[in-house]
């Protein structure tokens, strides 16, 4: 790790002297280092106080040498602006008695003079990469009594140091992008001591502005003006990128892949590269754009002869190599001529983010990389190893690596996730160029695009970034952030973690979320906001909003044309329960907004309020829509009301987007909130790719936009009885007239060891005339909450068992509903096992459901990952770099005590729900766990079998869309009663979320049933 290791000593008693710092009064806060030691490594802005200190920043002029890097001169202006925002006093730029001195070691005469005079000790900072020092110096210059010095080891170190001060005084990195006003302060002080944020662990840390249509692509050209490329007015110009560069630097990032779809960074505005150099941003190009040239440049000029930099014709190295090489040479030449700092992408992919049209022969790729490096050497006049380069193993490119192709040792090999936040491969050995990571918070492709709102669960992101760090991946990290705006939370976390992974262990994640909330919304509700953001990420990670209609099952987004439509089930009230969780989250968001000062509400709506409220509304829309379809099939009189509710929710969706576009920040973001998110999947309208590709728009006429479309039915005047029962509604069954195949109405069995809502029977009217009903039961232990009543449209009856009147054993009873001249019998079964048999999680209703964290015993090192699962925590072997183990005996495992009631010899199925990880471990194939029941054999399972994430096949699409990998093993019971279920470690990096034992009654649910009751004493 490249971070400086420093020693510390605390101020005790009288005073402490530091190089260039006069004696400080007794009780001065903070920790300082002795002369000659490195500065203290702190959290961002930790040296700032709003109560007392040794240097006041109110009105302090910010002074910088004009000889310094342009980015340093520029950031001095930003620091003046930030101090004015916070204090209300605009600092000057001329030297005074109490200035802020800003500069780069070895580049600023001002800073170098302080070093030569012995006034400034830069031990532990000089010569480092992007490192800064903040310290107060007495009498540094003639006429200056005391100065606050911000010194950088290099220009970006200085820039990061200045922005760290801005962060510390309360200016959000998102102050422009999300209109976050800082709190006003009458006093802003710098504490005593020598401080630094250390040296970043990951050398290059950046973002990819991608998939930028329609949101960013609509808003940016309208706000900043069009690009300057003739015939291409929709490009992003230098004024737009200046705002991207600024927020990237405020987040301590240094690297950018610019927008690509229909845009060419170098051509859209000739000032773009110069502006990047001015800010100090390192430019790169995406995995499909080698040699510092975006693919759009080729597309604009192919066949036209108009490319001033060369390159025309077919994008093929076999058939058009000379033109392609000429095109690449021009990219490297442009970098040399314009003098911007860049990291060159090597390799070649097909035009349009596809596989190479020339095939995937290793010899061809070797030739391409060799020719590219020769061009770099010829243009720069230096060995290729002196120009930073990357080769990104994205999608099909990883196959080259898997078959043995290696880039030259000085090249950084960028490993990737599977587009859904699960890393595909970790480093498999040291290399001089190191490794990188390409990660996604936004994606276009199978199982379905996700571009609308942030859907990242930071618990999952942390787990994956921790793995990358643990396996030695520190060269270059870049995240696909889509439109950037909308993915602020995961973007900031990604870049924060890349700076210092060791400072962000899982147990400190909530602390980081609270700091994020405090930075943007103040202290008063920071804890509540942090909790809301954590719950939001967990709920979003269950399933992307774009995937709420229909389950994705096939290659390229093939969908199942079933009647159920929703991935969530009516059975066990799953759809209701999940929608209620979102409704409660939306209520919490609205409550927070009401309590926030008016000046913060625009920022709140952009950073959190819109995403939470709009997603909660989308769940309400889907619940109404799918209930409408069910009720229409059953002929219920409620069907049309549910259709109206769905359309009202759609109207609210459009109104929320309109607030974002028109009302927030006085219309600053007009046209931004235009991303479709509702109408996915309509093959008739959008063609065969509609399973995954976004529709053109979903703000058309209200009834047309919903897919599947709601149905309205003609309801007759006369009353007609209809009955549906819990567990049968997903098939649309109802009685007396509509039961499939003439089957009887049966409720799922009752048990005192179920953890679930009481079961229900719904009495509904298939006509418009109300009627009375009566319910009779055949056993005293069977209870109905409202046995008599009147039905207008429908009535839901809660059914349960009075266990004080139910003896041990199994019994049946009948519940008979009578109304509107008809009767429907409903069979009810209750099963009460003998207490002496029970220990641990008890089978009830034909299944046992266990959340992973509730183990009885953990053998070996395991770690609980709170909030990573769809319903709770996860358990993972620890450390993530542990060696593969053979399961059995005393090897690492989790043990769960369960009570099974089936007879010996019965075959049961054990389902393991794991996070959808890939076989990323170096030197191994597959990703495995073991499972055993009682003292039976261990069944070893490879969770990646059949899931080729390189080709995005059906298995992979299901796992990532469902955000779970569910695998099953079969076991034969050797006895009835209490026995251990063991989950064995084979490979590290697996994350267990749930275990389900199906003894014959496991209900088909998206999330699985609620956890079974646990008996701790027999």
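The single condition among (1) surrounded by 14 or more Cβ atoms within 10 Å (Cβ to Cβ); (2) over 22 Å from residue 981 (Cβ atoms); (3) touching a helix residue (DSSP H, G or I) at 6+ places or on another chain (Cβ under 7 Å) that residue 899 does not satisfy is (2).
Of the residues making up the stretch 268-278, those that are touching a helix residue (DSSP H, G or I) at 6+ places or on another chain (Cβ under 6 Å) and surrounded by 23 or more Cβ atoms within 10 Å (Cβ to Cβ) number 3.
Table: residues versus (1) in contact with a helix residue (DSSP H, G or I) (Cβ under 8 Å, 6 or more places away or on another chain); (2) at pLDDT 95 or above; (3) farther than 27 Å from residue 464 by Cβ.
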site	(1), (2), (3)
344	yes, yes, no
373	yes, yes, yes
386	yes, yes, yes
395	no, no, no
425	yes, yes, no
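Of all positions in the stretch 281-290, at least one carries a residue that is under 29 Å from residue 439 (Cβ atoms), free of Cβ contacts under 8 Å to residues at least 60 places away in the same chain, within 36 Å of the chain's Cα centre (by Cα) and assigned to a loop (DSSP other than H, G, I, E, B). Within the stretch 486-519, being closer than 19 Å to residue 540 by Cβ, more than 14 Å from the chain's Cα centre (by Cα) and surrounded by 22 or more Cβ atoms within 10 Å (Cβ to Cβ) holds for 516, 517.
Every residue, every condition in (1) more than 19 Å from residue 515 (Cβ to Cβ); (2) out of contact with any helix residue (DSSP H, G or I) (no Cβ under 6 Å at 6 or more places or on another chain), yes or no:
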residue: 149; (1), (2): yes, yes
residue: 174; (1), (2): no, no
residue: 185; (1), (2): no, no
residue: 189; (1), (2): yes, yes
residue: 202; (1), (2): yes, no
residue: 210; (1), (2): yes, yes
residue: 216; (1), (2): yes, yes
residue: 221; (1), (2): yes, yes
residue: 225; (1), (2): yes, yes
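Taking residue 845, is it surrounded by 23 or more Cβ atoms within 10 Å (Cβ to Cβ) and either out of contact with any strand residue (DSSP E or B) (no Cβ under 6 Å at 6 or more places or on another chain) or assigned by TED's automatic domain parsing to the domain that holds residue 774 (or both)? So residue 845 fits the description; yes. Annotation for the stretch 639-655: at least one member residue is closer than 16 Å to residue 706 by Cβ and within 25 Å of the chain's Cα centre (by Cα).
Would you say residue 871 is within 31 Å of the chain's Cα centre (by Cα), assigned by TED's automatic domain parsing to the domain that holds residue 975 and surrounded by fewer than 19 Cβ atoms within 10 Å (Cβ to Cβ)? It is true that residue 871 is within 31 Å of the chain's Cα centre (by Cα), assigned by TED's automatic domain parsing to the domain that holds residue 975 and surrounded by fewer than 19 Cβ atoms within 10 Å (Cβ to Cβ). When residues in the stretch 838-848 are screened for being under 13 Å from residue 1014 (Cα atoms) and not in a strand (DSSP E or B), 3 of them pass. One residue stands out in the stretch 72-113 among those that are more than 16 Å from residue 166 (Cα to Cα) and part of a helix (DSSP H, G or I): the one that is nearest to the chain's Cα centre (by Cα), namely 111. If you go through the stretch 468-477 and keep only what is surrounded by fewer than 22 Cβ atoms within 10 Å (Cβ to Cβ) and either in a strand (DSSP E or B) or in contact with a strand residue (DSSP E or B) (Cβ under 9 Å, 6 or more places away or on another chain) (or both), you end up with 471, 472.
The values are calculated or read from the model by the stated rules, or taken from the named source; none is laboratory data. Nothing here was measured: the structure is a model prediction, and the numbers come from that model. With ideal geometry, Cβ positions are generated from the backbone for all residues, glycine too; neighbour counts draw on all protein chains shown.
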